[in-house]
Amino acid sequence: MPDKGLFLQNIIAIIWDFDRTLSPYYMQKPLFDEYGIDEAAFWAEVNALPQYYAKAGIHVPPDTCYLGHLLSYVQSGRFPGLTNAKLRELGANIEFFPGVPEIFDRLKAILDAPPFREGDLRLEHYVVSTGLAEMIRGSRIASRLDGIWASEFIECPARPHTDLTRTPEHGVITQIANFSDNTTKTRALFEINKGVNKTDISVNDMIPESERRVPFKNMIYIADGPSDIPSFSVVRKYGGMAYAVYGGESNEQFRQVESLAETDRVQAFGPADYHEGSHTDKWLQLQVEKMAQRIMRERQKALESRLGRGPMHIE
């Protein structure tokens, strides 16, 4: 540990994907249910959009074109009156895999026991998703999260010469505020790494790895598929842990995550069952405990390297 480090590096971060990782469905399902929209038809349209817009010479990333199409549904009256507040309200209807949200508390409790408590070790949970931030904020896991990276909308954009000292007006969503895709998710990892979400540090600021708030080796990234390979790769490259989950009885999802393990994208995989005593629960508890023990050993080693031992009597 550095003599004057910016951070104590006492944080273990578990970073969760959302769709098909924490929830068996895409989080937008309650939105489609609320307005009577055919979910399969919507996603079929979204999947066809990149090729459709390419005919006009416009490149639309597949991971984010659903945001624009969602706004098209608002503008065409298919999602009448859809606001950020409504999205947050609908987030309460998101379904989760078994054992969620209890596993969030159970993993944090590991560091409440000695000697980790005396070492002020703490565990933080983050969601990094291509989904909708407001729906996550309205879900029943929101109170357990230390940060959310996901896509957001603007309701009433500022017009030319708007008095920018005023609070923006509320209304239906009209513009994309920011988008999260499988590339920008890796940026979120570096923001967690540097502590951007907890300080005024910028993700572009130069900070030695030894002084960052959450070293990558203190991270566990959990997701469900090949689209998360960039994030798996970043976490693993810098010494963290990567774990893939598959839902229920799906043979296709099982083969998918097994392939991730075969190609060394993840260290391990298991079912998205987070009940106490499940395979995934045991693996996560073990890794948190191992990380905590390693942090304590590193502290002890650093202390001993600095400690000037007093003279001893010679027998």
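Data overview
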item: Identity of the residue in segment 205-228, of a type in the set (Asp, Glu) and out of contact with any strand residue (DSSP E or B) (no Cβ under 9 Å at 6 or more places or on another chain), that ends up surrounded by the fewest Cβ atoms within 10 Å (Cβ to Cβ); result: Asp205
item: Given (1) touching a residue at least 60 places away in the same chain (Cβ under 8 Å); (2) surrounded by fewer than 19 Cβ atoms within 10 Å (Cβ to Cβ), index of the condition His59 fails; result: (1)
item: Of all residues in segment 268-307 being aliphatic (A, V, I, L, M), outside any helix (DSSP H, G or I) and touching a strand residue (DSSP E or B) at 6+ places or on another chain (Cβ under 7 Å), the one that is farthest from Asn251 (Cα to Cα); result: Ala268
item: Flag if Phe153 is part of a strand (DSSP E or B) and over 23 Å from Ile12 (Cα atoms); result: yes
item: Count of residues meeting criterion [aliphatic (A, V, I, L, M), touching a residue at least 24 places away in the same chain (Cβ under 8 Å) and surrounded by fewer than 20 Cβ atoms within 10 Å (Cβ to Cβ)] in segment 71-111; result: 5
item: Options Ser202, Ser259, Ser231; residue that is surrounded by fewer than 21 Cβ atoms within 10 Å (Cβ to Cβ) and assigned to a helix (DSSP H, G or I); result: Ser259
item: Residues that are surrounded by 14 or more Cβ atoms within 10 Å (Cβ to Cβ) and among the hydrophobic types (A, V, I, L, M, F, W, C), drawn from segment 24-50; result: Met27, Leu31, Phe32, Ile37, Phe42, Trp43, Val46, Leu49
item: Per-region count, segment 130-145, residues part of a loop (DSSP other than H, G, I, E, B) and surrounded by fewer than 17 Cβ atoms within 10 Å (Cβ to Cβ); result: 1
item: Condition broken by Arg88, with the remaining ones in (1) under 23 Å from the mean Cα position of the chain (by Cα); (2) closer than 16 Å to Phe153 by Cβ; (3) of a type outside the set (Phe, Trp, Tyr); (4) not in a helix (DSSP H, G or I) satisfied; result: (4)
item: Cβ-Cβ under 6 Å pairs, at least 6 apart or on other chains, segment 207-224 side within 11 Å of Lys194 (Cβ to Cβ), far side assigned to a strand (DSSP E or B); result: Val214/Ile11; Val214/Ala13
item: Flag if Arg106 is in a loop (DSSP other than H, G, I, E, B) and either of a type in the set (Lys, Arg) or touching a Cys at 6+ places or on another chain (Cβ under 6 Å) (or both); result: no
item: So Tyr53, is it surrounded by 14 or more Cβ atoms within 10 Å (Cβ to Cβ) and assigned to a loop (DSSP other than H, G, I, E, B); result: no
item: Counted residues, segment 150-174 - those being surrounded by 12 or more Cβ atoms within 10 Å (Cβ to Cβ), under 24 Å from Gly77 (Cβ atoms) and in contact (Cβ under 8 Å) with a residue 24 or more places away in the chain; result: 8
item: Within segment 275-303, tally of residues that are over 16 Å from Ser210 (Cα atoms), touching a residue at least 40 places away in the same chain (Cβ under 8 Å) and surrounded by fewer than 17 Cβ atoms within 10 Å (Cβ to Cβ); result: 3
item: Residue in segment 112-126 that is part of a loop (DSSP other than H, G, I, E, B), touching a Pro at 6+ places or on another chain (Cβ under 7 Å), buried (at least 22 other Cβ atoms within 10 Å of the Cβ) and in contact (Cβ under 8 Å) with a residue 60 or more places away in the chain present; result: no
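Read-outs: derived from the displayed coordinates by stated rules, not from any lab. Computed from a predicted model, the values in this text were never measured in an experiment. All Cβ positions, glycine included, derive from the backbone under ideal geometry; neighbour counts span all protein chains shown.
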